[in-house]
1. Looking only at region B:152-164, count every residue that is within 7 Å of another protein chain (Cβ to nearest Cβ) and open to solvent by 40 Å² or more (accessible area, probe 1.4 Å) and tell me the total.
2. Which members of region A:37-58 meet the condition of being in contact with a Phe, Trp or Tyr (Cβ under 9 Å, 6 or more places away or on another chain) and open to solvent by 20 Å² or more (accessible area, probe 1.4 Å)?
3. Just to be sure before I move on: is D:Ala131 part of a helix (DSSP H, G or I), of a type in the set (Gly, Ala, Ser), open to solvent by 10 Å² or more (accessible area, probe 1.4 Å) and more than 27 Å from A:Glu117 (Cα to Cα) in the structure I sent?
4. Could you check A:Pro112 against (1) over 21 Å from B:Ala141 (Cβ atoms); (2) open to solvent by 20 Å² or more (accessible area, probe 1.4 Å); (3) out of contact with any Asp or Glu (no Cβ under 6 Å at 6 or more places or on another chain); (4) touching a residue at least 12 places away in the same chain (Cβ under 8 Å) and say which number it fails?
5. Kindly check whether there is at least one residue in region C:95-103 that is in a strand (DSSP E or B) and either open to solvent by 20 Å² or more (accessible area, probe 1.4 Å) or acidic (Asp, Glu) (or both).
6. Taking only region C:23-78 into account, find how many residues are part of a helix (DSSP H, G or I), touching a strand residue (DSSP E or B) at 6+ places or on another chain (Cβ under 8 Å) and touching a residue at least 40 places away in the same chain (Cβ under 8 Å).
7. Do you know which of the residues in region A:24-36 that are among the hydrophobic types (A, V, I, L, M, F, W, C) and more than 13 Å from chain B (Cβ to nearest Cβ) is surrounded by the most Cβ atoms within 10 Å (Cβ to Cβ)?
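The values are calculated or read from the model by the stated rules, or taken from the named source; none is laboratory data. Keep in mind it's a predicted model, so treat the numbers as computed, not measured. Reconstructed Cβ throughout: ideal geometry from the backbone, glycine too, with neighbour counts over all protein chains shown. We work out accessible area using only protein heavy atoms, side chains counted, and drop any ligands, DNA or RNA first. Shrake-Rupley method; radii C 1.70, N 1.55, O 1.52, S 1.80 Å.
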Protein chains: 4
Amino acid sequence: MNQKPILVLTTGGTIDKNYFYALSEYQIVDSGIPALLAEARVALPIRVVELMRKDSLELTDADRALIASAAREAPETQIVVTHGTDTMTETARVLATEVPSKTIVLTGALSPARFAETDAPFNLGMAFATAQVAAPGVWIAMSGQVFDGLKVRKDRAAGKFVAI
Amino acid sequence: MNQKPILVLTTGGTIDKNYFYALSEYQIVDSGIPALLAEARVALPIRVVELMRKDSLELTDADRALIASAAREAPETQIVVTHGTDTMTETARVLATEVPSKTIVLTGALSPARFAETDAPFNLGMAFATAQVAAPGVWIAMSGQVFDGLKVRKDRAAGKFVAI
Amino acid sequence: MNQKPILVLTTGGTIDKNYFYALSEYQIVDSGIPALLAEARVALPIRVVELMRKDSLELTDADRALIASAAREAPETQIVVTHGTDTMTETARVLATEVPSKTIVLTGALSPARFAETDAPFNLGMAFATAQVAAPGVWIAMSGQVFDGLKVRKDRAAGKFVAI
Amino acid sequence: MNQKPILVLTTGGTIDKNYFYALSEYQIVDSGIPALLAEARVALPIRVVELMRKDSLELTDADRALIASAAREAPETQIVVTHGTDTMTETARVLATEVPSKTIVLTGALSPARFAETDAPFNLGMAFATAQVAAPGVWIAMSGQVFDGLKVRKDRAAGKFVAI
């Protein structure tokens, strides 16, 4: 479609969770997104910026302001944001207001990228395609679907995102 | 964006290659696409039809006519075709002529889906998003990019698809 | 060496931990051991019994008595026990006293079997071989090594088992 | 059991096969064994020597003499040999004659180590344990079993090794 560069902002979430036996708990670690993009043989110019490593329930207004600022100030107009799923729609609303003229796609995963079975690479692929194809605005790519970022909610019990 | 159902037509290619020790060779096998879609937790209505299991160098005009016919006759207007990479652009040209009013996305993989490291799920995610977001026409989703299906070629030496 | 059947007793531990996004935490789940044995194409007669699903720090004296009883009463004389690593040596001591005449091998994993990168299948392979080859007694197979179960400790800081 | 160092000799075989889309064929590549041992968190002193990269049907008498020589001259007394499965028993016979006083374990895989589903790490784990536990002699670790290397054959049709 085009070969404009893509900016990837990572913020944490399940997609980047790892398990530490020494603590018998999981933690968000250095982002696995660059490895996923290499495995996918992405040949576009890309830039990956790790903004934070947080469970999305812990994101503050200041964190969201930082994400919006990074998206707005970047030279790229096609932006993918990896994000925890619990408050993904909240960040979408902030970005829709603060960065209206770029194509921004939020995605994440229900199962960590480090698992043998994970939705991470598929979701990241959806986000990359949407960033290239969709009109300016904020989109959410999850559950095999591309949603208007302002018209979607996470159905925690059903384990999927649904249009509203 | 919408929740229209997606039709997936599988035709073979590297994405569905497996290795058989008994023969000490690889062969295209029953499609792994349904398993990939389950792992990706796709919550859209989808229908997967296995049309053939061929290396794309072996596809005949009759095979391409069958793919076009399956795409045209289907009730779905958003179609993903998994396909070997060597003649993917040739099939794209046939589909652009024969099925002009639907959104058709061809994709495949450079490394089989059954490998631990593979571009298959990322590419399939790109195809799903493009089928939902892009205008009617024929698209190719490979190498991290969404290409106009009539303006792309495979650069075999470089191991990627490039715009022309 | 021989084709005597092998009994596998699963008790939980990191090897069988999974991650649940709905709770944003990991839990021990239905054992992945049968899937690992199928993937390894084990052609021996085996029997897998899930005794409990516990972090090994939660194992009680009653749990250990149950493990010992299951090992003692079984018709098999070659027994593999999957177990959390934190108290694996404690269970080894109980088994050495209670079931002296069988070959019992304890193993587990530092990284869950469901991860893309995990020591689980290698460790399980070590345990299967040891159960077939070693003399009656209690053995621990971890960190690439086969230890006398009474002469080993977990070095938590170093992330490995070491002989004492 | 002990912490004697282990020597790993790699000779090729399915365990180290990769798929090359540019040629649409598989080839034996640089050995994945060191990566498997790292993933398994092996904490023993080990040394890996890549002797050759051959399908075992292509191994010559000179190749087998080289394997035997490498095993005999090495300071290590516990040796693992990764090998194609088709002529594994033939190499076992040569080693039994030429290197009678060490514990040598041959192993390999029916599915390449680079596949998502593979018997490679389990088999390598069996080989490591057998090298530490078994008496001097030549052993074959495949199909979940440890065989006397002189009393086993590959049943190609059944896809497994069986005692004779």
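1. 3
2. Hits for region A:37-58 are A:Glu39, A:Arg41, A:Val42, A:Ala43, A:Ile46.
3. Criteria not met by D:Ala131.
4. Unmet for A:Pro112, out of (1) over 21 Å from B:Ala141 (Cβ atoms); (2) open to solvent by 20 Å² or more (accessible area, probe 1.4 Å); (3) out of contact with any Asp or Glu (no Cβ under 6 Å at 6 or more places or on another chain); (4) touching a residue at least 12 places away in the same chain (Cβ under 8 Å): (2).
5. no
6. 7
7. Ranking the candidates gives A:Ile28 first.
Listed here are the residues, each with its yes/no results for (1) under 12 Å from the mean Cα position of the chain (by Cα); (2) among the aliphatic types (A, V, I, L, M); (3) at the interface with chain B (Cβ under 7 Å from one of its Cβ atoms).
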site: A:Thr103; (1), (2), (3): no, no, no
site: A:Leu106; (1), (2), (3): yes, yes, no
site: A:Ala116; (1), (2), (3): no, yes, no
site: A:Asp119; (1), (2), (3): no, no, yes
site: A:Asn123; (1), (2), (3): yes, no, yes
site: A:Ala127; (1), (2), (3): yes, yes, no
site: A:Gly137; (1), (2), (3): no, no, no
site: A:Ala141; (1), (2), (3): yes, yes, yes
